[in-house]
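Okay, so here's the structure we're looking at.
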Amino acid sequence: MDRRYFLKTAALTAAGLSLFKSAPAQARGIPASSFPDLPPNVCYSGPPAGRICTSVTDLFKIGPGPSSSHTLAPLRIAGNFRAFLEKQDNATLSAGTSIKAHLYGSLSSTGKGHRTDRAILSGLMGQKAKTCDPSVMDALADESKTHVISFSDKKIGISHAGTIVWDSIDHDYPFNNTLVMQFVDKNGRVLVEREYYSTGGGFYSWKGQPEEKRGDPVHIYGSMTKFNELVKKTGKQLHEIMLENEMAIMGCDEKDVNAHLDLILDTMLNGVALGLEEDGLLPAPFEFHRKAKHLYAQAQKMDDGEALMQKVSSYALAVSEGNAAGRLAVTAPTLGSAGTMPSLVKIMKDHLKLSREDMRKGLLAGALVGFLCKNNASVAGAEVGCQGEIGVASAMAAAMTAYASGATIKTTEVAATIALEHHLGMSCDPVGGFVLIPCIERNAFGALKAYNACLMAKNEIISQHWEDLDRVIMAMLQTGRALPQPFKEMGTAGLGMTMVDC
């Protein structure tokens with residue numbers, strides 16, 4: 001059967017196209033009206049041209065674990081609300097007596113295990129994501145204490161019981177992870193309110209938020225197909241296009257971009273090094289032991305092939321275990337998947353002996369994949385399941401390693417495509433709502449799949465490869481929308497149910 005005919009008639013069913021068109025614009029980053037019906041005699045060539053303005057600093061953020069959507073974003077949201085309160089008039093501030101944080105969806109369902117309550121209190125106390133002291137959040141485990149915060153000469157008490165409201169799991173807000181922050185008076189009357197949405201990867205927004213003023217990208221694209229056309233049209237390489245867009249969007253120079261990339265690489269490598277030195281139990285209501293250090297020690301006794309696989313796993317576990325303990329990590333694209341990319345960053349540095357310049361280029365290739373997945377589907381487990389976290393992380397890591405080690409842009413795309421394709425359908429079912437089971441080990445498997453995808457892509461005949469990244473991202477969105485909600489970070493199905501003794 002002719003391949004073009006097969007792709008046109010079998011892979012792209014009317015039902016699948018209809019589902020993609022009906023997906024919310026917030027999830028895809030493009031208006032549904034811009035996705036035309038396919039003519040009967042042509043093949044699908046990727047999503048319509050969009051306009052990706054995401055920054056590398058947006059995607060790769062540093063913050064406390066264990067979850068970007070349930071810990072990092074709520075901390076940032078609370079800090080934003082505090083700053084919003086500081087701008088209120090004196091009459092409003094004088095009348096207010098308490099702050100309420102209403103959690104909805106999976107924030108309410110699994111927020112306790114993700115330290116969401118502690119993150120909100122930390123943000124209200126003035127803690128910042130990049131510099132958040134893990135000991136502060138550890139101390140907030142004591143729910144009996146009230147903490148007095150001050151802003152604009154106003155003093156107010158916050159506490160678990162007085163501030164955090166574990167609200168409805170089922171709701172009608174536009175995003176699953178919704179957090180409504182309120183400033184109320186002694187009679188419970190709401191004086192100031194903001195409706196926030198945690199959209200995955202530490203990103204957040206609020207209802208009525210004005211568009212942020214940023215520069216325009218030099219190179220316009222909304223899909224991998226369009227990006228490939230840019231490469232062909234301009235004669236520029238992947239990293240050059242990404243770098244020029246980053247400088248234009250953020251109004252910075254190459255030195256600034258490289259400084260952030262170096263910070264991300266160093267944070268990842270430091271996370272691996274620290275995690276390989278730690279053992280003992282991780283914080284949880286059940287006994288859960290760290291194992292990165294032990295597995296790394298065992299790898300020293302193995303033959304080269306087995307040792308490399310074991311090291312890839314131990315590097316990923318090292319960062320993931322630190323993240324589960326609340327240590328600072330990098331959203332890549334989320335904190336739940338924070339161990340996957342650092343594992344291959346370690347491989348690039350110590351095993352492939354790549355230069356820092358090549359590693360930066362690789363990180364930009366990984367960012368491209370993250371941008372496409374974030375803007376055309378989702379990286380939130382609460383929206384599309386774990387395929388959007390570990391799956392995307394694996395695709396980003398595969399692209400990073402391939403491109404940094406000299407692969408062409410097409411080979412880089414194939415590496416990402418293979419890695420993402422073989423995570424499709426993965427649910428998000430954290431046991432007890434903690435980023436432990438199966439999250440930590442999934443990072444190791446995501447890293448192993450990424451390295452294997454890189455090797456496969458670099459050694460196959462690329463012109464014979466069927467799948468492309470745009471189609472697989474579309475499949476991830478379709479699959480994610482079809483997954484029942486209990487399998488999307490609710491902790492009430494899959495392993496989240498079977499591993500719990502009732």
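The values are calculated or read from the model by the stated rules, or taken from the named source; none is laboratory data. Quick caveat, the model's predicted, so the values are computed rather than measured. In this analysis, Cβ positions are derived from the backbone assuming ideal geometry, glycine residues included, and neighbour counts consider all displayed protein chains. These accessible areas exclude ligands, DNA and RNA; they are computed on the full protein's heavy atoms, side chains included. Shrake-Rupley method; radii C 1.70, N 1.55, O 1.52, S 1.80 Å.
Sum up the lysine pairs in segment 338-474 that clear both bars: alpha-carbon distance under 19 Å and a spacing of 8 or more or different chains.
Total qualifying Lys-Lys pairs in segment 338-474 comes to 12.
Within segment 286-330, list the trypsin sites (Lys or Arg not before Pro) lying in a DSSP loop whose Cβ has at most 12 other Cβ atoms in a 10 Å radius. Let's see the in-between values first.
Working: sites: ARG290, LYS291, LYS293, LYS301, LYS311, ARG327; in loops: ARG290, LYS291, LYS301, ARG327.
Here the trypsin sites (Lys or Arg not before Pro) that fit, given the DSSP loop and packing criteria, are LYS301.
Checking the cross-link filter: which lysines have an alpha carbon closer than 19 Å to that of LYS100, excluding same-chain neighbours under 8 positions apart?
Qualifying lysines at Cα under 19 Å: LYS87, LYS112, LYS145, LYS154, LYS155, LYS186, LYS207.
Quote the relative contact order of the chain in percent (integer), defining contacts as alpha-carbon pairs under 8 Å separated by 6+ residues. Don't skip to the answer; put the middle values down first.
Details: 978 pairs, mean separation 86.5, N = 502.
Dividing the mean separation by the residue count of the chain yields 17 percent.
Send over a whole-number figure in Å² for the accessible area per residue of segment 68-194, probe 1.4 Å.
Computed with neighbouring chains in place, this is 42 Å² per residue.
What percentage of the solvent-accessible surface of the chain, computed with a 1.4 Å probe over protein heavy atoms, is contributed by carbon and sulfur atoms?
Carbon plus sulfur share of accessible area: 52 percent.
If you take every DSSP beta bridge fully contained in the chain, what fraction is antiparallel? Give it as a percent rounded to 5. Let's see the in-between values first.
Numbers: 27 of 31 bridges.
Rounded to the nearest five, the antiparallel share is 85 percent.
Decide, for segment 193-288, between rounded, prolate and oblate: order the square roots of the alpha carbon gyration tensor eigenvalues as a ≥ b ≥ c, take rounded if a/c falls under 1.5, and otherwise choose prolate if a/b is larger than b/c, else oblate.
In terms of gyration-tensor shape, oblate.
Against the longest principal axis of the chain, how steep is helix 409-421, in degrees 0 to 90 to the nearest 10, with axes from Cα atoms?
Helix 409-421 sits roughly 60 degrees off the main axis of the chain.
Leaving ligands and nucleic acids out of the surface, order HIS422, HIS147 by accessible area at 1.4 Å, largest first.
Heavy-atom accessible area, descending, gives HIS422, HIS147.
Taking just the alpha-carbon atoms of the chain, what radius of gyration and Dmax come out, in angstrom?
22.5, 75
Where Rh denotes the Kirkwood radius from the mean inverse Cα pair distance, what is Rg over Rh for segment 375-456?
Rounded to two decimals, Rg/Rh equals 1.02.
How large is the accessible surface per residue of segment 289-395, computed with a 1.4 Å probe and reported in Å² as a whole number?
Values: 2960 Å² over 107 residues.
Using a 1.4 Å probe on heavy atoms only, each residue of segment 289-395 averages 28 Å².
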